[in-house]
Structure formats: C-alpha cells, structure tokens
1. Pull out all pairs, ordered by first then second residue, where Cβ-Cβ is under 8 Å, the residues are six or more apart or on different chains, the first lies in the stretch 1-21 and is farther than 17 Å from His59 by Cβ and open to solvent by 100 Å² or more (accessible area, probe 1.4 Å), and the second is of a type outside the set (Val, Ile, Thr) and in a loop (DSSP other than H, G, I, E, B).
2. Residues of the stretch 127-161 being assigned to a strand (DSSP E or B), more than 26 Å from Asn78 (Cβ to Cβ) and not hydrophobic (A, V, I, L, M, F, W, C), which ones?
3. I'm checking my understanding of the structure. Among residues of the stretch 127-151 that are among the β-branched types (Val, Ile, Thr) and without any contact (Cβ under 8 Å) to a residue 12 or more places away in the chain, which one is least open to solvent (accessible area, probe 1.4 Å)?
4. Any residue at all in the stretch 97-115 that is touching an Asp or Glu at 6+ places or on another chain (Cβ under 6 Å), modelled with pLDDT under 90 and within 30 Å of Leu7 (Cα to Cα)?
5. Pick from the stretch 38-83 the residues that are open to solvent by less than 40 Å² (accessible area, probe 1.4 Å) and under 12 Å from the mean Cα position of the chain (by Cα): which of them is nearest to Met10 (Cα to Cα)?
6. Under 6 Å between Cβ atoms, at least 6 apart or on separate chains: pull out the pairs that start in the stretch 78-104 with a residue that is basic (Lys, Arg) and end on any residue that is surrounded by 14 or more Cβ atoms within 10 Å (Cβ to Cβ).
7. Do you know which of the residues in the stretch 36-79 that are among the polar types (S, T, N, Q) and outside any helix (DSSP H, G or I) is farthest from Gln6 (Cα to Cα)?
8. Would you point out the residue of the stretch 84-126, among those that are assigned to a helix (DSSP H, G or I) and open to solvent by less than 90 Å² (accessible area, probe 1.4 Å), that is farthest from Glu154 (Cα to Cα)?
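The values are calculated or read from the model by the stated rules, or taken from the named source; none is laboratory data. Since the model is a prediction, treat every value here as computed from it, not as a measurement. Cβ: placed from backbone, ideal geometry, glycine included. Neighbour counts: every protein chain shown. Ligands, DNA and RNA are stripped out before the accessible areas are found, and what is left, the full protein with its side chains, is counted by its heavy atoms. Shrake-Rupley method; radii C 1.70, N 1.55, O 1.52, S 1.80 Å.
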Amino acid sequence: MVSDKQLKIMCEEKYYYKNGSLYYKEDFSRKAKKHQKAGGINGKGYLSILLDGKRYQVHRIIFLMHNGYLPKLIDHINRNPLDNRIENLRGASSKLNRINSKLNKNNKTGRKGVYWDEKRQMYYAQIRNDGKQSHLGTFDNIIDAVIARMKAEEKYQHDVK
C-alpha cells in the first residue's frame, strides 16, 4: 500500500494543479498530452485518474497535493462533485459529510428531515444524531415541521467540524 507521502510525490511528478483541475506535466501517451486536463467522470459523478494502475478521485489527489495527507472523507463544500478547487474541499467527519449531503431525490418537501405522510395527511420531522434516528414530531403544516427540524439541527449539529 502506498503511503500518503509516496502518493503525493507520484502525483507531483505527473500532474500540476490549476483552478480546480489537474493537468499533465509531460506527454504520457497519445491521449495524455502536456498541459491537458487529466481525468474522466466515474460512475459516481466524480472526476478520477489512473495512477500506477490504480484509480483515484481527483478531489482526493488535489487535497493531498495541497495538505500533504488524505483524510478518510473529503467534503465538497458547495456540494458540486466536479468543483475541485482547493477552497471548496475540506477534510470531514462522516457526520459533517452527511449534513452537507444533497437532498434525497425522493424528498417532496424540499427540506432534509421533513417528510409528508400521505396516509395520515401530516408532516413529520426527524433527525439523525450519532447514528440514532430521532422522531421530532408530526405536524399539520410544513412550517412547524421545518422549525422543529431547524431547532434539532442547532441542538445536535452545532459542534460539527
């Protein structure tokens, strides 16, 4: 297994960073030309590169090149997986990464943790804290459900770094 330090050296030999992208330093093949952007979009919507026979996500390489280490998780602050500017990347706990995640595509209320119960014709609010799901109540209107969720976010998520 390659250490962070070794990987950083390998990357800096082959790539340079500019405005959120990696570029080839030299011609490496017919397709990989000097000053050309490196990487392609993988199945999860992230840019990735092939380095020494292994696939790496570009945002992880950029973070490594700037910070000298790889955290377990890297969060795109603006939630855009293709925006790999260093100022948009931060090491994150799983809790922070989950908080900053996109809204579930099945969510019909437009708010995380607030759902419409078709059967009961009521809104309900919930939040996950330290791996445990907490029911915050059922509500006749969306505003009360959103307020309950926001209060819970302030209570449980203020300490996230």
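1. Correct list of pairs: Lys5/Gly68; Glu13/Lys25.
2. Kept after step one, since they are assigned to a strand (DSSP E or B), are these residues of the stretch 127-161: 127-129, 132-139.
Among the residues that remain, those that are also more than 26 Å from Asn78 (Cβ to Cβ) are: 132-139.
Those that are assigned to a strand (DSSP E or B), more than 26 Å from Asn78 (Cβ to Cβ) and not hydrophobic (A, V, I, L, M, F, W, C): Lys132, Gln133, Ser134, His135, Gly137, Thr138.
3. Step one: of the stretch 127-151, the residues among the β-branched types (Val, Ile, Thr) are 127, 138, 142-143, 146-147.
With without any contact (Cβ under 8 Å) to a residue 12 or more places away in the chain added as a condition, the list becomes 143, 147.
On the way: Ile143: 111, Ile147: 76 Å².
Checking each candidate, the answer is Ile147.
4. From the stretch 97-115, those touching an Asp or Glu at 6+ places or on another chain (Cβ under 6 Å) are 97, 100; that's our starting set.
Checking which are modelled with pLDDT under 90 leaves us with 97, 100.
From what is left, the residues that are within 30 Å of Leu7 (Cα to Cα) are 97, 100.
Looking through the stretch 97-115, at least one residue is touching an Asp or Glu at 6+ places or on another chain (Cβ under 6 Å), modelled with pLDDT under 90 and within 30 Å of Leu7 (Cα to Cα).
5. Top of the filtered list is His59.
6. These pairs meet every condition: Arg85/Gly20; Arg90/Asp75; Lys95/Val160.
7. Kept after step one, since they are among the polar types (S, T, N, Q), are these residues of the stretch 36-79: 36, 42, 48, 57, 67, 78.
Add one more test, that the residue is outside any helix (DSSP H, G or I), and what stays is 36, 42, 48, 57, 78.
Details: Gln36: 24, Asn42: 24, Ser48: 18, Gln57: 16, Asn78: 30 Å.
Only one residue fits best here, namely Asn78.
8. The first filter runs over the stretch 84-126 and keeps only residues assigned to a helix (DSSP H, G or I), leaving 86-88, 94-99.
Next, only the ones that are open to solvent by less than 90 Å² (accessible area, probe 1.4 Å) stay: 86, 88, 94-97, 99.
Values: Ile86: 28, Asn88: 23, Ser94: 18, Lys95: 14, Leu96: 13, Asn97: 16, Ile99: 12 Å.
Of everything passing the filter in the stretch 84-126, Ile86 is farthest from Glu154 (Cα to Cα).
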